[in-house]
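Visitor: I'd like to ask some things about the structure below.
The values are calculated or read from the model by the stated rules, or taken from the named source; none is laboratory data. Values in this document were obtained by computation on a predicted structure and should not be read as measured data. No Cβ is skipped: glycine too gets one built from the backbone with ideal geometry, and neighbour counts run over all protein chains shown. SASA here: full protein model, heavy atoms, side chains in, ligands and nucleic acids out. Shrake-Rupley method; radii C 1.70, N 1.55, O 1.52, S 1.80 Å.
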Amino acid sequence: MDNFTLTINDFSGPLDLLLHLIKESKMDIYSLKIEEITKQYIDYIDSMKKLNIDIASEYLVMASSLVHIKSKMLVNEKDNEEEPEDEGIQTEEELKRRLLEYEEYKKVCDDFKDLESKRQEVHTKIPESLYEYREDVKLNTDTTLDDLVKAFEEFLKRKKFEKPLDTKITHRELSITKRTGEIRNILKTRKRVDFFELFEVINKPYVVVTFLSILEMTKNNEINIKQSKNFDKITIEMK
Amino acid sequence: MNKLGVLEGILFAIGDEGVTLKSICEILDTTEEEAKNLLKNLQKRYESDAYGIRISFLGNTFKLTTKKEHKDYYQKLLGTSEAQSLSPSNLEVLAIVAYNEPITRLEIDNLRGVASGYIVRKLCARGLIKTVGKSEMPGRPNLYGITSEFLDYFGLATRDDLPKIEHPEEETKEETELFTSIYKDKEMLNEN
């Protein structure tokens, strides 16, 4: 391990680094010499520190695990029923098992690499936009073209009233009380009346006052307003 | 109407999303047998070197791809830029997920001996893996699995085409398949 061509960033983790060191020293995972590999591992970490390269904590955990395993082997303790901690690798067997397992995935990564580059030799295209063939979402009402025409006719009718009329400007005060009385009279004679019929004169104050009167009467519980469905006729009747 | 033409159009329109045998049957109103025959016929036609496309079975769907014999031309077409490939760490996580799905992030971390949360998130965003459920373990962590985009990315037809690894508890099952990935040498459509 004289020249460090690989920095710690080239490894994907402590297991990767360990595998590399094992391969470098031509060892076999099964006949792994913990003492030797621990020394190499720590030397490597130290050399990285000298190069001022940040070392992820996982590498240090592994270093401590290695030292721990090594020391246990030196003391040759007969498994003092040591409480298994869940951090890190505890035994030589476990280390070997983990290395073997990891090596398996490492190996298959080469296969994936090949598959990846082969797949990149052929090309596909993104799906066509089939928007124009899409069936439109159907509205679940029985609206027909006639309804549309009718609605537009209504609109045109209202539109007509918006045209400025040639007129002399005189101001006539219109009170809600007065208008309410008028509506009351209409309802007395006719019982039921179409909402729009009440707007006999179309100008802003008249419409506003009439509308407010209707609201007022509704609030006072004098009249009922009915509409059987959207955009249908609105009828007003006396209670 | 010649259904062969329709099938070709479907494959063109659907692009890299691909179409399943089942959808072909539904769209063309055919039996599975007929649909397979149509695919075979179209495949045969594309074999001629007068055609630049072929039918591939990738990620459980049929799709049109260019031919790998023409790769040099595509390189010229697309410029010299190297295709973006996955980093070793990314590949590692993918391999671990592929052979252990469904798997939690913690189990991935343990197998790799290094935290993998960022990579897992990135691979999810790329659509190569996805959450497939919740583990019963404390905290109910997400379980991850591979997607059909994963299979396509590596040019695989189905999960069974994953490179074999020596997994002690997994018995390898031998299967003869009608449709295989583009890397099996034989044109499977003709064999059957």
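Visitor: What's the total number of residues in the range B:128-154 that are among the small types (Gly, Ala, Ser) and closer than 18 Å to residue B:20 by Cβ?
Guide: 1
Visitor: Only one of B:182, B:96 is modelled with pLDDT under 80, open to solvent by less than 30 Å² (accessible area, probe 1.4 Å) and of a type in the set (A, V, I, L, M, F, W, C); which?
Guide: B:182
Visitor: Which residues, taken from the range B:109-136, are away from chain A (no Cβ under 12 Å), open to solvent by less than 80 Å² (accessible area, probe 1.4 Å) and in a loop (DSSP other than H, G, I, E, B)?
Guide: Correct list: B:127, B:135.
Visitor: Can you tell me which residues in the range A:187-207 are within 21 Å of residue A:232 (Cβ to Cβ) and either open to solvent by less than 70 Å² (accessible area, probe 1.4 Å) or of a type in the set (A, V, I, L, M) (or both)?
Guide: A:187, A:193, A:194, A:195, A:198, A:199, A:207
Visitor: Okay, moving on. Scan the range B:21-36 residue by residue and report those that are away from chain A (no Cβ under 14 Å) and not hydroxyl-bearing (Ser, Thr, Tyr).
Guide: Of everything in the range B:21-36, those that are away from chain A (no Cβ under 14 Å) and not hydroxyl-bearing (Ser, Thr, Tyr) turn out to be B:21, B:22, B:24, B:25, B:26, B:28, B:29, B:32, B:33, B:34, B:35, B:36.
Visitor: Now for a different question. Search the range A:5-28 for residues that are within 11 Å of residue A:106 (Cβ to Cβ) and within 11 Å of chain B (Cβ to nearest Cβ) and pair each with any residue that is open to solvent by less than 20 Å² (accessible area, probe 1.4 Å) and among the basic types (Lys, Arg) when their beta-carbon atoms are under 6 Å apart and the residues are at least 6 apart or on different chains.
Guide: Cβ pairs passing all conditions: A:13/B:112.
Visitor: Only one of B:72, B:16, B:49 is of a type in the set (Asp, Glu) and open to solvent by less than 70 Å² (accessible area, probe 1.4 Å); which?
Guide: Within the list B:72, B:16, B:49, the selection yields B:16.
Visitor: Name the pairs: first residue in the range A:205-220 and among the charged types (D, E, K, R), second residue assigned to a helix (DSSP H, G or I) and open to solvent by less than 20 Å² (accessible area, probe 1.4 Å), Cβ to Cβ under 9 Å, at least 6 apart or on different chains?
Guide: Here the result reads A:216/A:180, each pair linking the range A:205-220 to a residue that is assigned to a helix (DSSP H, G or I) and open to solvent by less than 20 Å² (accessible area, probe 1.4 Å).
Visitor: How about the range B:53-77: which of its residues are β-branched (Val, Ile, Thr) and at the interface with chain A (Cβ under 8 Å from one of its Cβ atoms)?
Guide: B:65, B:66, listed by residue number.
Visitor: Against the conditions (1) part of a helix (DSSP H, G or I); (2) facing chain A (nearest Cβ under 8 Å), where does residue B:39 fall short? Just the number, please.
Guide: Result: residue B:39 passes all but (2).
Visitor: While we're looking at this one, here's another question. At pLDDT below 85, within 21 Å of the chain's Cα centre (by Cα) and either in a helix (DSSP H, G or I) or under 27 Å from residue A:115 (Cα atoms) (or both): is that true of residue B:71 in this structure?
Guide: Yes, satisfied.
Visitor: Further question: Looking only at the range B:25-35, which residues are closer than 18 Å to residue B:158 by Cβ and either open to solvent by 40 Å² or more (accessible area, probe 1.4 Å) or within 18 Å of the chain's Cα centre (by Cα) (or both)?
Guide: If the condition is that a residue be closer than 18 Å to residue B:158 by Cβ and either open to solvent by 40 Å² or more (accessible area, probe 1.4 Å) or within 18 Å of the chain's Cα centre (by Cα) (or both), then B:32 is the only one that fits.
Let's see how each residue does on (1) over 30 Å from residue A:64 (Cα atoms); (2) more than 7 Å from chain B (Cβ to nearest Cβ); (3) assigned to a loop (DSSP other than H, G, I, E, B); (4) modelled with pLDDT of 85 or more:
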site: A:87; (1), (2), (3), (4): no, yes, yes, no
site: A:90; (1), (2), (3), (4): no, yes, yes, no
site: A:104; (1), (2), (3), (4): no, no, no, yes
site: A:107; (1), (2), (3), (4): no, yes, no, yes
site: A:112; (1), (2), (3), (4): yes, no, no, yes
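Visitor: State all residues of the range B:1-13 that are exposed (fewer than 15 other Cβ atoms within 10 Å of the Cβ) and among the small types (Gly, Ala, Ser); if no residue qualifies, say none.
Guide: Correct list: B:5, B:9.
Visitor: Sticking with this one: Can you tell me how many residues within the range B:78-108 are part of a helix (DSSP H, G or I), out of contact with any helix residue (DSSP H, G or I) (no Cβ under 8 Å at 6 or more places or on another chain) and more than 9 Å from chain A (Cβ to nearest Cβ)?
Guide: Count: 1.
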